[in-house]
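Beneath this line is the structure, given in structure tokens, with notes to follow.
The values are calculated or read from the model by the stated rules, or taken from the named source; none is laboratory data. From a predicted model like this one, the values you see are computed outputs, not experimental measurements. Ideal geometry is used to build each Cβ from the backbone, glycine not excepted, and the neighbour counts take in all protein chains shown.
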Amino acid sequence: MRAFDLPLMPTYHTRPMPNGWSKPRDLAKLAEMRARFEFEIPLGDLPGIPAEFSVAEGPVGVWLQFGRERGVPVADVKVQAVLKPQCQRCMREMRLAIASESHVAVVDSEEQAANVAEEMETFLAADGHGTLAALAAEELLLSLPIVPRHAAGEHCLEAVAGAVIGEALPGAAPVTEETQRPFADLRALLEKSRN
């Protein structure tokens, strides 16, 4: 009898339920299943992001592909985000585009991490459990600059005595930076002090 047989249905991939990224999961099991996730997560839902990088233009895009290599659970982790930190050169908001990906070994101890190939990142998951948000946060953290600054060639304004370099006040000559040479007159000062 075929009364209990169901017609074959095409499978489909779904995004994790909202806040499902913060639920602890068995990462070794996800590796066995070769699970794949694609979702957008608010920056504030990623753990451990420093306050100076806590503003973004939108959610963080996350792609995760789990697998297994040499008996160790692994994950390909990719994140994309546009953050809006304060430039530490001009003290103005800047746009910092992040697009990063890594091949990560999921380990449950520091001893196991020591045996991972040097070209791989490691993610410490106690008892083999961790959250998708923590994996994404670690990848994002690895991509952040130590000091946020506009890149060379980008518009970075420096305040100088009420004016801004590169912008002239109406009716005023353009402001230019003067090169400081603190030891330029050192010889004259030394000779003067000897006399």
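If a residue must be buried (at least 17 other Cβ atoms within 10 Å of the Cβ) and under 8 Å from the mean Cα position of the chain (by Cα), how many such residues does the stretch 132-142 contain?
4
For the stretch 76-96, which residues satisfy the criterion of being of a type outside the set (A, V, I, L, M, F, W, C), in contact (Cβ under 8 Å) with a residue 60 or more places away in the chain and under 24 Å from ALA136 (Cα atoms)?
LYS78, PRO85, GLN86
I'd like to check something: does the stretch 92-105 contain any residue that is more than 26 Å from the chain's Cα centre (by Cα) and modelled with pLDDT of 70 or more?
No, the stretch 92-105 contains no residue that is more than 26 Å from the chain's Cα centre (by Cα) and modelled with pLDDT of 70 or more.
Which of the residues that make up the stretch 67-91 are under 20 Å from the mean Cα position of the chain (by Cα), more than 19 Å from ALA133 (Cβ to Cβ) and modelled with pLDDT of 90 or more?
Selection gives LYS84, PRO85, GLN86, CYS87.
Pull out all pairs, ordered by first then second residue, where Cβ-Cβ is under 6 Å, the residues are six or more apart or on different chains, the first lies in the stretch 101-113 and is under 18 Å from ASP127 (Cβ atoms) and assigned by TED's automatic domain parsing to the domain that holds PRO73, and the second is among the acidic types (Asp, Glu) and modelled with pLDDT under 95.
Here the result reads VAL104/GLU121, each pair linking the stretch 101-113 to a residue that is among the acidic types (Asp, Glu) and modelled with pLDDT under 95.
So is GLU52 within 11 Å of the chain's Cα centre (by Cα), outside any strand (DSSP E or B), in the same structural domain as ALA31 (by TED's automatic domain parsing) and not polar (S, T, N, Q) or not?
Taking the combined requirement at face value, the residue does not satisfy it.
Quick grid of which residues meet (1) aromatic (Phe, Trp, Tyr); (2) out of contact with any Leu (no Cβ under 6 Å at 6 or more places or on another chain); (3) closer than 18 Å to ALA28 by Cα:
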position: CYS90; (1), (2), (3): no, no, no
position: ALA97; (1), (2), (3): no, yes, no
position: GLU110; (1), (2), (3): no, yes, yes
position: ALA114; (1), (2), (3): no, yes, no
position: ALA117; (1), (2), (3): no, yes, no
position: GLU121; (1), (2), (3): no, yes, yes
position: ASP127; (1), (2), (3): no, yes, yes
position: LEU135; (1), (2), (3): no, yes, yes
position: SER143; (1), (2), (3): no, yes, no
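Out of curiosity, is VAL55 under 18 Å from LEU142 (Cα atoms) and at pLDDT 95 or above?
So VAL55 does not fit the description; no.
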